[in-house]
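Asker: Here it is, the structure, as structure tokens.
The numbers here are math on the coordinates, done by the rules we state, and not lab data. A quick note: this is a predicted structure, and the numbers were derived from the prediction, not measured. Cβ coordinates were reconstructed from backbone atoms using ideal geometry, including for glycine residues, and neighbour counts include every protein chain displayed.
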Amino acid sequence: MTASRSGGARGSVACMGAGPAGLLAATQIKKARPDWDVVVHERSPENVTYGYGVVFSDTAVRTIEFMTPSLGAVLTSQVTWDDVEIRAHGRRFRSAGHGYVALSRHRLLSELAGQARAAGVDLRYESPVELDALRDRHDLVVAADGARSRTRTALAAELGARVGHGTSRFAWLGTTAAFDAMTFIFEETEAGPVVAHGYPHGDGVSTFVVEVPRGSGGAREDTERDLGHWSRVFAAHLDGRPLQAKDPRWAHFPTVRLDRCVHENVVLIGDAAHTAHYSVGSGTRLALEDAFLLGQALGRDDSLATALAEYQRRRMPGVRELRAAGERSMRWFERAPEHLAGPAPRFAVHLLSRASLLPLERIAADAPALVAEAAGLSAEEAPSSAEVLARPLEVAGTRLPGRLVRERVPAVPGAGGRPGEAAYDCDVVAAGDAPDAGAAPGAAPLLVVDLGPCPRDPAEAEAGARAFAATLRAAGRRAGRAVAVRTGFAGAAKAATARLRVLRAAGLCDLADLAAPSDGTSDPEAVLDALETADAVRTALGVPVMLSGFRARPDQIATHVLAGRIDAWRVSGAE
């Protein structure tokens with residue numbers, strides 16, 4: 001349908017869901033098109049909410065102030081704090097300078113509902129509706145029906161919808177215990193480690209999400225709904241206060257991805273279109289941004305089809321970064337039991353850097369004592385990135401002079417780095433040339449045997465590794481130095497791990513070198529994915545790990561060296 005801003009065809013819009021996305025979308029559309037009829041249908045009663053607090057970063061608050069000043073004014077009067085606190089192994093670590101605002105979900109929805117009514121939106125609670133009926137009666141249907149969206153299920157093929165689930169189970173709880181920071185709590189139980197995410201949001205209540213990683217039996221069927229059990233598990237952090245639940249349901253977090261968010265006269269927004277894990281606190285921000293941008297698109301173009309196409313074209317790429325960060329953070333918490341095995345300070349740095357390429361100096365500015373302790377220093381003055389990267393690395397009895405490595409091909413006499421350079425040389429040979437490697441006097445302290453791309457099938461990768469074993473054994477013995485095995489792993493992380501496991505078990509892989517498909521890969525998402533894979537390989541094989549062919553700044557590399565995700569980084573000749 002084509003609608004005119006003045007005197008043209010009268011539009012009719014139905015929004016499914018009276019959550020943040022649906023309410024703000026209805027308001028923005030009504031403001032953009034005052035002559036349109038806009039109605040919101042919500043299955044639940046008004047003033048009934050199932051969550052506790054909603055948290056926004058200070059960056060998100062500034063965005064919301066621009067999108068909807070009245071809501072921004074409400075947020076600036078709510079509970080604020082700057083710190084992240086990590087509690088693990090009986091220790092507490094603080095990192096300042098983050099900036100958060102939180103309010104109760106009830107207050108947020110009440111404010112948005114008030115805005116909608118003031119704009120002339122028709123709000124209908126306890127009003128379940130069916131998609132097909134709405135599509136027939138209205139020119140536009142805005143599906144803001146949440147992470148378990150029925151609309152998305154009905155249009156899954158048309159939207160290219162893919163819905164997965166995290167492996168941890170979680171429950172959204174509350175407590176009257178006070179928190180003054182975004183607090184991550186790790187407690188050991190007889191059944192394994194469990195995690196809690198706590199933060200204040202006003203009304204005398206704090207949000208307290210309890211999460212049980214896969215492999216921890218702390219949330220068996222008979223204890224999941226037992227709030228007394230969880231109150232006892234986290235008693236040291238609750239000041240003797242009990243936990244409470246508006247909805248005691250336990251669930252696996254849904255990960256939602258769409259190829260398209262528009263089909264004919266239906267557009268999906270908010271959690272129906274994408275989710276962001278609660279550990280990054282961005283789901284509601286994305287929902288509000290969706291609503292605002294949809295209203296803008298409909299206000300700019302008289303053609304409904306053109307406006308929806310433009311919204312989809314602009315919005316779909318915009319959500320990917322936060323969605324990816326949320327999924328990366330979700331996987332980190334799922335693997336929390338593995339990370340907990342290390343020293344508490346390093347674990348805390350590992351958590352803070354779980355989903356971004358933070359420079360070490362940024363973390364050190366916010367938590368100098370933590371960074372210093374993670375580096376093994378007694379002083380509170382944190383080491384610089386250069387100092388972290390210059391620390392020697394012991395590999396199979398060979399002392400490598402630092403963490404940055406530069407490739408030298410072919411191998412020539414003259415070990416060590418060039419004068420004045422932070423990186424030192426390594427020799428690289430193809431697997432087929434390995435028997436003749438390393439005999440030259442003055443060879444570099446690290447020999448890298450390049451196995452090339454990895455087959456995608458783990459069984460095939462293992463068989464190939466066994467075939468290489470004799471060759472690598474000869475190379476290692478003749479080299480008399482640390483031997484790294486380089487493998488490609490793009491799209492085949494499990495197979496690459498299987499390949500390296502065979503060689504590690506045979507004593508032929510002193511260091512695992514994970515290589516990018518092409519040298520100089522600098523895309524942040526690719527680098528973060530590689531760091532996550534490196535961390536998993538390091539944990540699974542108990543072997544130092546180096547990344548090759550990826551580009552990042554030295555201060556970013558230093559963060560992940562200190563966190564223990566990687567041990568070395570091969571820089572290109574251009575760096």
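Asker: Helix-only estimate, please: 222 nm mean residue ellipticity of the chain, summing -39500 (n - 2.57) across DSSP H runs of length 4 or more and dividing by its residues, to the nearest 500.
Answerer: For the chain, the value works out to -11000 deg cm²/dmol.
Asker: Under the rule of at least 5 residues apart or a separate chain, name every residue whose amide H is placed under 5 Å from the amide H of ALA482.
Answerer: LEU447
Asker: So in the chain, what percent of DSSP beta bridges are antiparallel if you round to the nearest 5?
Answerer: About 50 percent, rounded to the nearest 5.
Asker: Name the residues whose placed amide hydrogens come within less than 5 Å of the amide hydrogen of ALA430, ignoring near sequence neighbours (fewer than 5 apart) on the same chain.
Answerer: It is ASP450, by chain and number.
Asker: A further question follows. Output wanted: per-residue J couplings in Hz (rounded whole) for region 348-364, from phi through Karplus 6.51 cos²θ - 1.76 cosθ + 1.60, θ = phi - 60°, x for Gly and Pro.
Answerer: Calculated HN-Hα couplings, in order: 5, 5, 4, 5, 4, 9, 5, 9, 7, 9, 5, x, 4, 5, 5, 5, 5 Hz.
Asker: Treat every Asp and Glu Cβ in region 12-331 as -1 and every Lys and Arg Cβ as +1, leave all other atoms uncharged, and give the resulting dipole magnitude about the Cα centre to the nearest 20 debye.
Answerer: 520 debye
Asker: Say the dipole of the chain comes from +1 at the beta carbon of Lys and Arg and -1 at that of Asp and Glu; which of VAL74, LEU103, VAL209 then lies farthest toward its positive end?
Answerer: About the Cα centre, the residue reaching furthest to the positive side is VAL209.
Asker: Something else about it: With the dipole of the chain worked out from charges on the C-beta (+1 for Lys and Arg, -1 for Asp and Glu) around the Cα centre, which of THR167, ALA461, LEU393 lies farthest toward the positive end?
Answerer: It is ALA461, whose Cα lies furthest towards the positive end.
Asker: Next question, about the same structure. Under the classification rounded if a/c is under 1.5, otherwise prolate if a/b is larger than b/c and oblate if not, where does region 484-523 fall, given a ≥ b ≥ c as square roots of the Cα gyration tensor eigenvalues?
Answerer: In terms of gyration-tensor shape, oblate.
Asker: What net charge is computed for the residues neighbouring ALA493, neighbours being all others with C-beta under 12 Å from the C-beta of ALA493, Lys and Arg scored +1, Asp and Glu -1?
Answerer: Summing Lys and Arg as +1 and Asp and Glu as -1 gives 0.
Asker: Treat every Asp and Glu Cβ in the chain as -1 and every Lys and Arg Cβ as +1, leave all other atoms uncharged, and give the resulting dipole magnitude about the Cα centre to the nearest 20 debye.
Answerer: About 620 debye.
Asker: Just checking my list (i) 232; (ii) 154; (iii) 165 against volume of the Cα convex hull per residue in Å³ computed from this structure; which label fits?
Answerer: It is the value labelled (iii).
Asker: Still on this model: If neighbour count is taken as other Cβ atoms inside 10 Å, put ASP290, ASP510 in order from fewest to most.
Answerer: With the sparsest Cβ surroundings first, the list reads ASP510, ASP290.
Asker: Check which residues have an amide H placed less than 5 Å from LEU123's amide H, if you skip close sequence neighbours.
Answerer: Counting only residues 5 or more places away or on other chains, the set is VAL40.
Asker: Quick one: net charge of HIS201's neighbours, Cβ under 11 Å, K/R +1, D/E -1?
Answerer: The answer is +1.
Asker: Using the Karplus curve 6.51 cos²θ - 1.76 cosθ + 1.60 with θ = phi - 60°, work out ³J(HN,Hα) for each residue of region 530-536 in order, rounded to whole Hz, and write x for Gly and Pro.
Answerer: So the J values, rounded to whole Hz, are 5, 5, 5, 5, 4, 4, 5.
Asker: Tabulate in residue order the Karplus-calculated ³J(HN,Hα) for region 311-323, using 6.51 cos²θ - 1.76 cosθ + 1.60 with θ = phi - 60°, rounded to whole Hz; enter x for Gly and Pro.
Answerer: Listing the rounded values in order: 4, 4, 5, 7, 7, 4, x, x, 8, 5, 5, 5, 5 Hz.
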